[in-house]
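Visitor: Please read through the structure below; I'll follow up with questions.
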Amino acid sequence: MEFGVSTFVTDDGIGPAPLGRALEERGFGALFLAEHTHIPASRESPWPGGAELPRQYYRTLDPFVALTAAATVTERLIVGTGIALVVQRDPIVLAKEVASLDLVSGGRAQLGVGAGWNREEMRNHGTEPKTRMRLLRERVLAVKELWTAEKAEFHGEFVDFDPVFSYPKPVQDPHPPVLVGGSGPTTFDRVIEFGDGWMPIHGRGTDGLAGQIAELRDRAGRRVPVTVFGVVPKAENVAALTDAGVDRVLFNLPTEPEDATLARLDTMAALL
């Protein structure tokens, strides 16, 4: 079992560099960051996590900037997105951002992907919510093409470009792992087609996790790695996730100032 944290890095919590150092010093293996480019003031879309949207959703730093800061002060820490809202990102730019992070980190980048839940937010990026899953698929496939082909091209319903040169290429061969978020009825289709792993949120559609993992691996015909993020740091959760066949647990780390964060990490580290 591997351990890390999933969190929101904001302008009023611990910075990404001291957070990265603190995690590596305490034996954590991964840092995964959430993202929201903005939160529309209308608040029409209900938050899946409850009634009130927490403050950190409004104040996130760009994940790739923050992860780069963490990568430059660490040597072993995996740096990833949990999740990147691909339906709100240009795929050519996204391919360069992740490849650049992989280069700067020496091959430690991972890309957690999803389509998101905030319909007003994605509409502000020109994305139609009803077709966002098809858009997610094409953009991920296009990113992989840009990572791996000398002359990359892609022709789809939403993404269309003739042969291009896109550099840098990732350090990892063939590319950084793409971890597909979600736990809906069609999630496994996406994992099998264009994912390198599955990354659901703990407690959201994961009640029968052991059976879900077995089904996914049976359908895929391979041992699909599973990362679970947003895990409440309790020994019983670690034991249950271990028994279910999970490969990596990402403890939920609240967004707090540096002193409070370091104290919380000391407590979490006892579970490693």
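Every read-out reported here was derived from the displayed coordinates using simple, explicitly stated rules and does not represent laboratory data. Every value quoted in this text rests on a predicted model; they were computed, and no experiment measured them. No Cβ is skipped: glycine too gets one built from the backbone with ideal geometry, and neighbour counts run over all protein chains shown.
Visitor: Just report the Cα centroid separation between the stretch 167-191 and the stretch 91-162, whole Å.
Guide: Between the Cα centres of the stretch 167-191 and the stretch 91-162 lies a distance of 10 Å.
Visitor: Follow-up. Read phi for every residue in the stretch 33-43 and hand back ³J(HN,Hα) as whole Hz from Karplus 6.51 cos²θ - 1.76 cosθ + 1.60, θ = phi - 60°, with x for Gly and Pro.
Guide: Per residue, the Karplus-derived 3J(HN,Hα) values read 10, 7, 9, 8, 5, 5, 10, x, 5, 5, 6 Hz.
Visitor: Using DSSP H assignments, which helices in the chain have an axial alpha-carbon span of 27 Å or above and a mean Kyte-Doolittle hydropathy of -1.0 or higher?
Guide: none
Visitor: Provide the packing ranking of 34-42, 192-200, 1-9, i.e. peptides ordered by the mean count of other C-beta atoms within 10 Å per residue, highest first.
Guide: 1-9, 192-200, 34-42
Visitor: Full-extension gain between R222 and Y167, please, as 0.36 nm times their residue separation minus the C-alpha to C-alpha distance.
Guide: Gain on extension, R222 to Y167, equals 16.7 nm.
Visitor: In nanometres, what is the gap between the two model label sites at R134 and A210, each 7 Å from Cα along Cα-to-Cβ?
Guide: 4.0 nm
Visitor: Want the number for T37 to H155: 0.36 nm per residue separation, take away the alpha-carbon distance, what's left?
Guide: 39.8 nm
Visitor: Grab the other residues whose beta carbon is less than 13 angstrom from that of F165, score K and R as +1, D and E as -1, and report the net.
Guide: Spelling it out: positives minus negatives among the neighbours equals -1.
Visitor: Stretched out fully, how many nm does the piece from Y58 to L272 gain, at 0.36 nm a residue minus the Cα gap?
Guide: Value of the extension gain: 74.0 nm.
Visitor: Mind pulling the per residue volume of the convex hull built on the Cα atoms of the chain? Å³ is fine.
Guide: With only Cα atoms used, the chain gives 123 Å³ per residue.
Visitor: Continuing with this model, one more query. Write out the trypsin sites (Lys or Arg not before Pro) in the stretch 65-159 meeting two conditions: DSSP loop, and at most 15 other Cβ atoms within 10 Å of their Cβ.
Guide: Here the sparse-neighbourhood loop sites are R76, K151.
Visitor: Another question, then. In whole Hz, with x marking every Gly and Pro, tabulate ³J(HN,Hα) for the stretch 161-176 from phi via Karplus 6.51 cos²θ - 1.76 cosθ + 1.60, θ = phi - 60°.
Guide: 8, 6, x, 9, 9, 9, 9, x, 7, x, 6, 6, 10, x, 5, x
Visitor: A further question on this structure: Could you give the nm distance between label points at A235 and E193, where each point is 7 Å from its Cα heading toward the beta carbon?
Guide: 4.4 nm
Visitor: Choose one of V143, A269, A30: the residue whose Cα lies farthest towards the positive end of the charge dipole of the stretch 2-269 (beta-carbon charges +1 Lys, Arg; -1 Asp, Glu; about the Cα centre).
Guide: Toward the positive end, the furthest listed residue is V143.
Visitor: Still on this structure, please answer the following. If we restrict to alpha carbons, what Rg and Dmax does the stretch 37-187 come to, in Å?
Guide: 15.9, 48
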